[in-house]
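Peer 1: The structure's right below; bear with me while I get my questions together.
The values are calculated or read from the model by the stated rules, or taken from the named source; none is laboratory data. None of the values given here were measured: they were computed from a predicted structure. As a convention, Cβ positions derive from the backbone with ideal geometry for all residues, glycine included, and neighbour counts pool all protein chains shown.
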Amino acid sequence: MTEEKKQDLVEIQELVSVPHSFATGPVMGRFLSEIRDNKRIVANKCPKCGRTQLPPRIVCAVCHVQVDDWIELQPRGEITSYDMIFIPTLNPLTGKMREVPYTSASILLDGGDATLTHFLDVTDPKKVKVGMRCEAVFRPDGERTGSVMDIVYFRVLTEEGSK
Amino acid sequence: MSEKNWSFEVPGKLEVPYKYYAGEWGSKFLAALRDNMKIMGSKCPTCNKVFIPPRSSCEQCFGKISEWVEIGPKGKVTSFCVVNYKEPYLPVEPPFVLALIRLEGADSDLTHIISEVSPENVRIGMTVAPVFAEQRKASILDIKYFKPAG
């Protein structure tokens, strides 16, 4: 009996890499510039329905009217929901797997009625609850580039406790 | 809003790694390049068409193909263009010639690079021969490029 020769099956590792650039436009540009230059989080407010738009946009997503009123939000607020991620997934912006665990949360910033989605510094499920307070931790001066990642993460404030 | 122009440009990148499985016939084709420096095609028993890259079913009659044939290695340029721009995914530095090459014995064209000749001297109908890479890893770039041949 002759041994059957196994076929060599070829698998090719490829990398799709697409460099690009996009213009922020005046509204998103102001939001990102304020974070970069002044460590301020700004939003805009619809003149018709009064909603806070965060990140700001030039038109209200509900009323479809132009939004020109700017407000400053506090760099702290309340956690309204969160996800803790333990399974690594591909980050298409880097081509690398995301480091786990990490926590993504919706944060209702003081001074408005809109939430910002960002990361929390806590990855222990026992140490985070909806309603807890947290505050933004900015990158040091000179290291901010005009990106929402100029906020490194939101630090959960345990001493203030839940509401 | 104030008169200040807040717009700026953000550089970005999308990057997605993936694995491509060459399949039964594709694997055989690539392994032949790597191990024997041979270019293999597949021949339809009904239409007598020889396909490169090889395929297991005929695009003309939808019949099953099981015959392997060695083709080339020489071929004639069917068409070509000159690539003048640089992108990260391109295998060589521009300017370079990308050509359709009809290998001897084949009924379809292989797309590959033509080198060792300046782009302005490339002609449709010219005979070219493959130059194989020294380090071969079962990729279409195991053929480094084609060069003019007599």
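Peer 1: Can you say whether residue A:79 is closer than 24 Å to residue B:8 by Cα, touching a Lys or Arg at 6+ places or on another chain (Cβ under 8 Å) and either part of a strand (DSSP E or B) or modelled with pLDDT of 95 or more (or both), as far as the supplied structure shows?
Peer 2: No: the conditions fail for residue A:79.
Peer 1: Out of region A:1-60, which residues are in a loop (DSSP other than H, G, I, E, B) and of a type in the set (S, T, N, Q)?
Peer 2: Answer for region A:1-60, where residues must be in a loop (DSSP other than H, G, I, E, B) and of a type in the set (S, T, N, Q): A:2, A:7, A:24.
Peer 1: Got a number for residues in region A:82-113 being among the hydrophobic types (A, V, I, L, M, F, W, C), within 14 Å of chain B (Cβ to nearest Cβ) and not in a strand (DSSP E or B)?
Peer 2: Residues meeting the conditions: 1.
Peer 1: Being in a loop (DSSP other than H, G, I, E, B) and at the interface with chain A (Cβ under 7 Å from one of its Cβ atoms) is the filter here, so list the residues in region B:4-28 that pass it.
Peer 2: B:5, B:6, B:7, B:8, B:22
Peer 1: Scan region B:43-79 for residues that are buried (at least 21 other Cβ atoms within 10 Å of the Cβ) and within 16 Å of the chain's Cα centre (by Cα) and report the count.
Peer 2: Residues meeting the conditions: 7.
Peer 1: Moving to a separate point now. Here is a check on your reading of the model: is residue A:72 under 21 Å from residue A:107 (Cβ atoms) and over 16 Å from the mean Cα position of the chain (by Cα)?
Peer 2: So residue A:72 fits the description; yes.
Peer 1: Name the residues in region A:15-36 that are at the interface with another protein chain (Cβ under 7 Å from one of its Cβ atoms), surrounded by 11 or more Cβ atoms within 10 Å (Cβ to Cβ) and on the phi < 0 side of the Ramachandran plot, would you?
Peer 2: A:15, A:16, A:17, A:18, A:19, A:23, A:24, A:26, A:29, A:30, A:33
Peer 1: State the number of residues belonging to region B:117-145 that are within 11 Å of the chain's Cα centre (by Cα) and not acidic (Asp, Glu).
Peer 2: Residues that pass the stated criteria total 6.
Peer 1: Could you grab me the full set of residues in region B:29-57 that are in contact with a strand residue (DSSP E or B) (Cβ under 7 Å, 6 or more places away or on another chain) and within 11 Å of another protein chain (Cβ to nearest Cβ)?
Peer 2: Within region B:29-57, B:29, B:32, B:33 qualify.
Peer 1: Is there a residue in region A:83-101 that is farther than 30 Å from residue B:16 by Cα, among the hydrophobic types (A, V, I, L, M, F, W, C) and surrounded by 16 or more Cβ atoms within 10 Å (Cβ to Cβ)?
Peer 2: The answer is no, given that none of the residues of region A:83-101 is farther than 30 Å from residue B:16 by Cα, among the hydrophobic types (A, V, I, L, M, F, W, C) and surrounded by 16 or more Cβ atoms within 10 Å (Cβ to Cβ).
Peer 1: Out of (1) free of Cβ contacts under 8 Å to residues at least 60 places away in the same chain; (2) surrounded by 17 or more Cβ atoms within 10 Å (Cβ to Cβ); (3) outside any loop (DSSP other than H, G, I, E, B); (4) in contact with a helix residue (DSSP H, G or I) (Cβ under 7 Å, 6 or more places away or on another chain), what's the single condition that is false for residue B:33?
Peer 2: Here residue B:33 meets the rest and fails (1).
Peer 1: Next question. Quick one: is residue A:42 within 14 Å of chain B (Cβ to nearest Cβ) and either surrounded by 14 or more Cβ atoms within 10 Å (Cβ to Cβ) or modelled with pLDDT of 95 or more (or both)?
Peer 2: yes
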